[in-house]
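Below is one structure, written out as structure tokens; comments come after it.
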Amino acid sequence: MKLCYLDPPFNTRGAHSTRGLYRDHRTTRGWADLMGEVLQSVHSLLREDGSLWLHVDANELGTARVLCDELFGADNSAGIITWERTRRPAYVHGQMSSVTDFVLVYAKDRRKLPPLTEGFTRRGTRTPLAHRGNRVVELAFPPGTVRFNCGDGTYTAGDHSSPGIDAHLTKDVTVSGGRNTTWLHMTLPSRYSAAKVNQLISDGAEFLIPKVPFRISYIAPGGRPKLVTNLWSWQFGGMETNEDAARQQQELFPGRPFTSAKPEGLLRRILDLASEPGDVVLDCFAGSGTTVAVAQKLGRRWIAVEENRQTMEGYLLPRMSSLLENGSEIEVRADVHL
Ligand SMILES: C[S@@+](CC[C@H](N)C(=O)[O-])C[C@H]1O[C@@H](n2cnc3c(N)ncnc32)[C@H](O)[C@@H]1O
């Protein structure tokens with residue numbers, strides 16, 4: 001099993017309507033007992049490079065964290081995602097309007113879980129080499145490696161300090177055609193060691209000095225895989241919300257949506273990040289089957305567990321049957337022991 005997504009009852013104790021299809025009134029102890037058992041089975045089923053994605057709201061966030069730390073090991077926590085679940089905050093109850101849920105991500109073994117990346121870094125991001133408070137080192141840039149936007153000519157050795165940054169050009173440097181034609185030697189409190197800068201130079205990195213006094217920056221080449229952030233928001237990134245889930249449910253089950261379904265976009269992002277085509281994905285609280293529907297669409301193999309027969313027959317099975325290719329069948333088993 002490469003990936004397990006769990007969207008259990010949040011223990012809202014009646015705060016949200018669930019059409020009476022499942023129970024959401026437990027003591028915290030009762031919730032912990034249920035989840036402890038499920039998480040233990042999931043842990044034993046996961047591959048060494050697999051991961052658990054546990055979706056909760058604030059009600060049992062603390063309990064979930066303690067349980068996962070105990071069963072997976074705190075060292076195997078890969079992070080907690082804050083998902084902005086609604087575009088429509090309710091302003092009438094309590095002291096604050098809650099618009100977020102959380103997804104706790106745990107690796108079976110964090111050393112074996114590949115970095116969770118999406119997209120690539122952009123070319124041209126500037127990182128100033130001088131960093132206040134760092135050790136002052138001497139850096140040397142071969143001819144042609146530094147771009148100058150401050151004009152051609154010879155710049156004489158001297159002070160290039162500015163408040164908090166003690167920097168010096170230690171030898172004259174000549175610039176022609178916007179690049180150094182002689183070695184550039186500078187001392188500055190550098191973000192990177194001289195060895196790291198030499199490595200960047202031999203990897204073909206580019207540096208830029210925009211003006212006098214010299215503030216040299218490293219220009220990122222771009223094209224490196226970018227780690228996903230832990231803020232998944234419709235406002236910053238166009239993430240789908242519960243309103244999208246409601247629309248999707250209305251299309252799937254006109255007039256009788258499954259009310260606590262998650263949007264397909266949320267699951268697509270999770271599956272894209274942490275599984276590959278052909279991998280097995282598990283959802284032990286399958287509900288209307290959003291996880292496994294997305295798994296099927298993305299070419300993953302899948303297992304869904306759902307305790308409520310009405311939900312399975314009225315939502316999960318019809319949704320999955322409509323996605324299967326001719327000739328494929330869903331194997332349904334009662335009494336599953338993970
Ligand atoms: C929040 S819903 C999941 C919704 C789902 N993510 C979707 O998008 O449709 C939780 C589901 O877990 C099921 N459930 C609750 N306790 C369970 C248990 N012990 N074993 C299996 N399913 C359970 C409920 O019947 C309900 O369908």
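Looking at region 283-302 only, could you name the residues that are assigned to a strand (DSSP E or B), more than 21 Å from D244 (Cβ to Cβ) and either more than 14 Å from the ligand (Cβ to nearest atom) or touching a residue at least 60 places away in the same chain (Cβ under 8 Å) (or both)?
R301
So if I check each of E243, E306, which one is within 12 Å of the ligand (Cβ to nearest atom) and under 21 Å from T12 (Cβ atoms)?
When all the criteria are applied, what remains is E306.
Would you confirm, using the coordinates I've provided, whether D49 is touching a Lys or Arg at 6+ places or on another chain (Cβ under 8 Å) and more than 12 Å from the ligand (Cβ to nearest atom)?
Criteria met by D49.
Looking at region 1-38 only, could you name the residues that are among the hydrophobic types (A, V, I, L, M, F, W, C), within 22 Å of V294 (Cβ to Cβ) and modelled with pLDDT of 80 or more?
M1, L3, C4, L6, F10, V38, listed by residue number.
Given the residues L338, L317, L324, L273, which is the only one that is over 26 Å from I81 (Cα atoms), of a type in the set (A, V, I, L, M, F, W, C), surrounded by fewer than 20 Cβ atoms within 10 Å (Cβ to Cβ) and at pLDDT 95 or above?
Step by step, each of L338, L317, L324, L273 is checked, and only L317 is over 26 Å from I81 (Cα atoms), of a type in the set (A, V, I, L, M, F, W, C), surrounded by fewer than 20 Cβ atoms within 10 Å (Cβ to Cβ) and at pLDDT 95 or above.
Given the conditions (1) within 30 Å of H55 (Cβ to Cβ); (2) of a type outside the set (D, E, K, R); (3) in contact with a Cys (Cβ under 6 Å, 6 or more places away or on another chain), and given that V212 satisfies all but one, which numbered condition is not satisfied?
The failed condition is (1).
Might you check whether a residue that is within 13 Å of the ligand (Cβ to nearest atom), of a type outside the set (K, R), on the phi < 0 side of the Ramachandran plot and not in a helix (DSSP H, G or I) occurs anywhere in region 268-282?
yes
Can you tell me which condition R215 does not meet? The list is (1) free of Cβ contacts under 8 Å to residues at least 40 places away in the same chain; (2) surrounded by 14 or more Cβ atoms within 10 Å (Cβ to Cβ), and all the others hold.
Every listed condition holds for R215 apart from (1).
Looking only at region 225-255, which residues are part of a loop (DSSP other than H, G, I, E, B) and under 18 Å from I81 (Cβ atoms)?
V228, T229, N230, S233, W234, Q235, F236, G237, G238, M239, E240, T241
Here is a list of conditions, (1) out of contact with any helix residue (DSSP H, G or I) (no Cβ under 7 Å at 6 or more places or on another chain); (2) under 30 Å from L116 (Cβ atoms); (3) of a type in the set (D, E), and D172 meets all of them except one; can you say which number that is?
Every condition holds for D172 apart from (2).
Take region 101-125 and flag every residue that is surrounded by 12 or more Cβ atoms within 10 Å (Cβ to Cβ) and assigned to a strand (DSSP E or B).
Result: D101, F102, V103, L104, V105, Y106, A107, T117, E118.
The values are calculated or read from the model by the stated rules, or taken from the named source; none is laboratory data. Predicted model only: the values in this text are computed from it and were never measured. Glycine gets a Cβ as well: all are built from the backbone with ideal geometry, and neighbour counts include every protein chain shown.
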